[in-house]
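Structure record follows, encoded as structure tokens.
The numbers here are math on the coordinates, done by the rules we state, and not lab data. It should be emphasised that the depicted structure is a prediction, and the values quoted were computed from it without experimental measurement. Here the Cβ positions follow ideal geometry from the backbone for every residue, glycine too, while neighbour counts run over all protein chains shown.
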């Protein structure tokens with residue numbers, strides 16, 4: 001069995017929230033190279049998108065390994081020290097606690113992991129998102145594993161006719177539920193159509209419960225109780241041989257959709273698929289974007305990465321996303337560009353409301369108020 005763990009965090013932006021400093025990338029690489037040499041992990045790749053560093057690791061310790069999570073925590077601590085030394089913005093902002101306590105979950109970084117038996121050919125795509133939230137994966141993952149208009153393999157490949165099981169998480173109640181597609185597609189859609197609350201956590205092949213997709217579901221604001229930056233999620237997707245083809249998984253991002261995040265984590269904008277050389281954000285601290293790291297896993301080794309969105313075939317998607325961004329920016333501070341009021345409760349909005357609370361008086365005349373008072 002092999003475990004693929006992807007753990008991502010913002011430990012300091014260069015400049016502002018736009019990119020990762022090369023010294024931080026080198027530090028993360030040195031740290032993981034040392035752990036690999038000691039035999040703690042099988043292989044690794046240090047990825048990035050926007051101001052986030054992603055630690056992509058293979059190992060044989062299973063999901064939720066304290067050893068692997070501690071390694072990630074120590075690497076992020078080291079990159080934080082580099083960021084502080086360079087006076088980078090938001091140094092260590094995703095590390096919400098001062099000490100490691102057995103798991104990195106709940107401490108700030110985004111985590112997606114899956115354990116599986118390596119197939120004769122094991123193509124995997126790791127998607128990294130920036131300036132967005134975990135619910136951003138709901139639509140593309142549904143397209144990959146349940147929409148025959150995106151994934152013709154659902155019709156053509158007999159191995160896929162059994163559909164897939166989707167595990168969703170209620171972020172507010174911390175409860176999970178499973179829905180089978182295609183038989184329960186409408187039930188599933190009624191929940192994942194509200195991505196600010198219900199997110200797809202895992203996708204399984206029915207029958208043997210083989211994991212085929214996994215997402216990070218951590219929301220920083222729900223952990224910290226305040227706005228400390230967007231969650232910038234990760235997604236792992238296994239491909240081919242009874243699963244979506246690589247091209248079908250990528251096709252799910254060819255039609256950009258609106259996600260929450262962008263500037264100050266308070267706006268809706270298009271999720272733009274970009275190549276590695278376009279991974280830095282700038283306009284309005286965005287727009288929200290996703291990169292795709294492609295690998296072949298060979299006896300635990302990561303053969304790659306290949307830049308899966310570094311393809312002119314996605315130029316139209318990028319242009320569409322830019323046109324959508326232009327349209328949304330015209331709305332300024334008005335919804336739906338700015339998030340709904342209930343989603344602003346973890347920003348500075350409550351402070352603004354508290355400051356002017358005494359200005360709001362009853363709109364009814366005093367006589368009406370008195371008549372309506374309980375006796």
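Quick look at the values:
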| read-out | value |
| --- | --- |
| Calculated FRET value between residue 67 and residue 186, using beta carbons and R₀ = 41 Å, to 0.05 | 0.45 |
| Sequence ranges 330-342, 97-109, 129-141, ranked by mean other-Cβ count within 10 angstrom, highest first | 129-141, 97-109, 330-342 |
| Calculated over region 10-55: convex hull of Cα atoms, volume per residue (Å³) | 55 Å³ |
| Estimated distance in nm for a label pair at residue 101 and residue 161, the labels positioned 7 Å out from Cα along Cα-to-Cβ | 5.1 nm |
| Projected-area average for region 273-325 over all orientations - Cα convex hull basis, square nanometres | 4.1 nm² |
| Chain lengthening between residue 284 and residue 322 when straightened (0.36 nm per residue, less Cα-Cα) | 12.5 nm |
| Nitroxide proxy distance, nm - points 7 Å out along Cα→Cβ at residue 175 and residue 363 | 3.5 nm |
| Inter-centroid distance (Cα atoms) of region 24-95 relative to region 104-159, Å | 22 Å |
| Semi-axis lengths, Å, region 9-154, gyration tensor of Cα atoms, sqrt of 5 times eigenvalues | 28, 20, 14 |
| Ordering of 237-250, 26-39, 200-213 by packing [mean C-beta count within 10 Å, highest first] | 237-250, 200-213, 26-39 |
| Translational diffusion of region 74-187, µm² s⁻¹ [Kirkwood Rh, Cα pairs; Stokes-Einstein; 20 °C; 1.002 mPa s] | 120 µm²/s |
| Highest to lowest packing among 269-278, 311-320, scored as the average C-beta count within 10 Å | 269-278, 311-320 |
| Compactness of the chain as Cα Rg over 2.2 N^0.38 Å, two decimals | 1.04 |
| Dimensionless Rg/Rh of region 80-125 - Kirkwood Rh, Rg from C-alpha atoms | 1.19 |
